[in-house]
Each structure stands twice: as structure tokens, then as C-alpha cells.
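The values are calculated or read from the model by the stated rules, or taken from the named source; none is laboratory data. All values derive from a computational prediction rather than experimental measurement. Counting neighbours? That spans all protein chains shown, and the Cβs are built from the backbone with ideal geometry, glycine included. In case anyone asks, the SASA skips ligands and DNA or RNA and just uses the protein heavy atoms, side chains included. Shrake-Rupley method; radii C 1.70, N 1.55, O 1.52, S 1.80 Å.
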Amino acid sequence: MKMIVGLGNIGTRYDGTRHNTGFMVVEQLALDYHLGAFKHAKNIEAVVTSGMIDGEKVMLVKPTTFMNDSGRAVKPLMDYYDLSLDDLVIVNDDLDMPVGKVRLKTHGKSGGHNGLKSIIHYIGTDKFNRVKLGIDHPQHGTVVSHVLGKFSKEERPHFDDAVTTAEKALVDWIHGEDFAGLMNDYN
């Protein structure tokens with residue numbers, strides 16, 4: 001089984017915000033592949049949906065711990081389903097890339113992203129696959145107001161293209177493509 005975890009914050013006040021980029025990607029994947037509604041996982045702080053994507057069992061995850069404690073949901077799911085790091089992809093926003101840019105990584109530090117920092121802490125390594133979508137740095141205001149803000153009308157088409165690209169990369173990985181090889185195709 002493959003597990004794709006989208007990072008974000010639970011609650012309607014965060015819907016559509018830059019920091020919920022990971023949620024938006026897994027929600028689109030669930031919609032496009034008819035995986036059904038996300039439901040609370042028993043005894044784990046996450047909502048999940050699962051099903052088959054082109055013959056491969058896939059679980060999509062949205063932690064309900066809030067962004068900064070995402071690892072608290074990821075680690076128990078990995079343990080319960082006995083998943084290796086090769087079966088895991090984290091989807092998150094990235095301030096250091098422009099809106100519309102997608103980058104795949106097989107490992108690395110958190111880069112100041114508290115959701116990634118939490119996952120690294122809980123699973124004990126930074127060697128896990130990631131799909132990062134650019135949300136750009138704020139032109140004015142604080143980083144917090146930027147990441148908790150929504151994409152502008154001008155940015156939204158670029159973000160939507162990035163979601164499509166991220167989804168394609170994830171489906172290629174689900175089909176068995178080597179993640180490191182996919183980095184050459186998508187980065």
C-alpha cells in the first residue's frame with residue numbers, strides 16, 4: 001500500500017489557504033480517482049480515504065493535529081500498516097518556490113517547515129519522499145498572514161497547474177516509477 005499525506009490545518013477557516021496546499025492535492029486526487037469522502041481514522045489523529053488507483057492500494061491522509069504536529073498522525077499510521085519509508089509521500093507547501101512550481105525530493109531537512117519538522121521528529125529520519133508546491137514569499141505582511149491567506153486571482157491558475165502536476169507525479173509513483181527518477185522528470 002502507498003500512503004500519501006497532505007499537510008494542512010483542519011477547519012473551514014483554513015480551507016483554500018496556502019498552508020493547506022497538501023490537503024488540496026490529496027483532496028483533488030481523491031476526487032479524480034473516486035476514492036470517496038475522508039473519514040476519521042480509528043484511534044489516529046487523521047482523516048483518511050483509501051482505494052485502488054490503477055491497481056495499487058492507496059491511502060490518502062490529512063492529519064487532524066494541525067500542521068505543526070503532523071508527525072503525531074503520520075507515525076502511528078505507518079506503524080499500524082507496517083509501511084516502509086518507500087511507501088510514503090508527504091505533500092506540502094514551500095515558501096522558497098514561486099506559485100506554480102513543483103519539486104520532488106527524496107530527503108532533506110525541514111527547511112523551516114514545522115509540519116516537516118514534526119514528521120522528521122516522529123519518524124526519526126528526514127529520508128522520506130516529498131512533493132513540494134511553491135506558495136512564494138510574502139510581498140508584504142508577515143509570513144504567518146501569508147501562509148494562512150488565500151491565493152490571489154492572478155496566482156490561482158498557476159497553483160491549479162501545480163496541483164495537476166503534483167497529482168501526475170504522484171500517480172506515476174503509484175504506478176511504480178522510482179521516486180528519484182521522477183525527480184528528473186518533474187524538477
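List of remarks:
- Restricting attention to the stretch 112-155 and to residues that are open to solvent by 60 Å² or more (accessible area, probe 1.4 Å) and among the hydrophobic types (A, V, I, L, M, F, W, C), the residue that is nearest to the chain's Cα centre (by Cα) turns out to be L148.
- Among the residues of the stretch 60-85, those identified as in contact (Cβ under 8 Å) with a residue 60 or more places away in the chain and farther than 14 Å from Y122 by Cα are Y81, L83.
- For the stretch 168-182, the criterion of being open to solvent by less than 60 Å² (accessible area, probe 1.4 Å), at pLDDT 95 or above, part of a helix (DSSP H, G or I) and among the β-branched types (V, I, T) is satisfied by at least one residue.
- Residue match in the stretch 134-155 (condition: within 26 Å of Y33 (Cα to Cα), in a helix (DSSP H, G or I) and aromatic (F, W, Y)): no
- Scanning the stretch 24-45 for residues that are surrounded by 22 or more Cβ atoms within 10 Å (Cβ to Cβ) and either in contact with a helix residue (DSSP H, G or I) (Cβ under 8 Å, 6 or more places away or on another chain) or of a type in the set (V, I, T) (or both) turns up M24, V25, V26, L29.
- Scope the stretch 54-106; condition in a helix (DSSP H, G or I), of a type in the set (A, V, I, L, M, F, W, C) and open to solvent by 20 Å² or more (accessible area, probe 1.4 Å); matching residues: L85
- Criterion violated by I4 - all others in (1) surrounded by 14 or more Cβ atoms within 10 Å (Cβ to Cβ); (2) under 22 Å from D136 (Cα atoms); (3) out of contact with any Ser or Thr (no Cβ under 8 Å at 6 or more places or on another chain); (4) of a type outside the set (S, T, N, Q) satisfied: (2)
- Cβ-Cβ under 6 Å pairs, at least 6 apart or on other chains, the stretch 36-59 side touching a residue at least 60 places away in the same chain (Cβ under 8 Å), far side open to solvent by 50 Å² or more (accessible area, probe 1.4 Å) and not in a strand (DSSP E or B): I53/Y33
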